[in-house]
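Following: one structure in structure tokens, then a few remarks.
Read-outs throughout are calculated quantities, based only on the coordinates presented, and are distinct from any laboratory measurement. Everything quoted here is computed from the prediction, not taken from an experiment. Cβ placement follows ideal geometry from the backbone for every residue including glycine, while neighbour counts extend to all protein chains displayed.
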Amino acid sequence: MRALSKEADERLLIEAAQRDPALFAELYKRNFHAVYAYVSRRAASREEAEDVTAEVFHQALANLKRFEWRGAPFAAWLMRIASNAMADRWRLQAREGGDPPAEELSDDRMGNVEQRAALFQMVDRLPDDQRRVIVARFVEQKSIREIAQDLKRTEGAIKQLQFRALEKLRASMEGANA
């Protein structure tokens with residue numbers, strides 16, 4: 001039920017932003033971390049990750065009126081833009097005689113944008129404490145100790161939250177692939 005509500009909420013927000021681009025800020029806020037995490041794993045530096053992430057949202061805003069809702073999360077569209085932006089950068093670097101990209105353009109991960117977006121959506125559906133632990137641990141790459149200090153919990157409690165969240169994500173992924 002909550003997933004349907006979130007999907008409907010996202011769709012309404014996209015439609016509103018298509019009418020009034022000032023409302024795009026909420027879409028940016030909801031999707032920034034996922035896009036940045038995706039790009040930063042592929043970028044050669046933090047600066048490049050920041051540049052590409054900015055480029056992704058610039059392109060998304062510029063092309064928002066052409067976006068058509070097809071039931072996939074908005075993040076899937078953003079990830080496709082990010083994937084194309086990284087591929088364009090790698091091609092430009094190769095043409096300019098720079099170093100070839102660390103990953104081949106045909107990398108299997110480039111074809112799994114929709115699956116990654118679905119995973120980001122599943123993480124977003126986790127209970128607040130579990131989601132915060134997963135984001136801190138795997139996106140922000142914090143240690144269990146750092147997360148425990150941030151959330152004012154014991155390390156054991158953080159480990160338990162992480163375990164439960166990963167179990168829920170595994171079950172959700174298996175259900176989605178069935």
A correct Stokes-Einstein calculation for the stretch 59-100, using the alpha-carbon Kirkwood radius, 4 °C and 1.567 mPa s, returns a whole-number D in µm² s⁻¹ of 110 µm²/s
Fully extended contour minus Cα-Cα distance, from K65 to L92, at 0.36 nm per residue
6.9 nm
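As a footprinting exposure proxy, order V139, V123, V133, V39 by other Cβ within 10 Å, with the fewest listed first. Display every interim value, and only then the final one.
Values: V139 16, V123 20, V133 29, V39 23.
The order, fewest Cβ neighbours first, is V139, V123, V39, V133.
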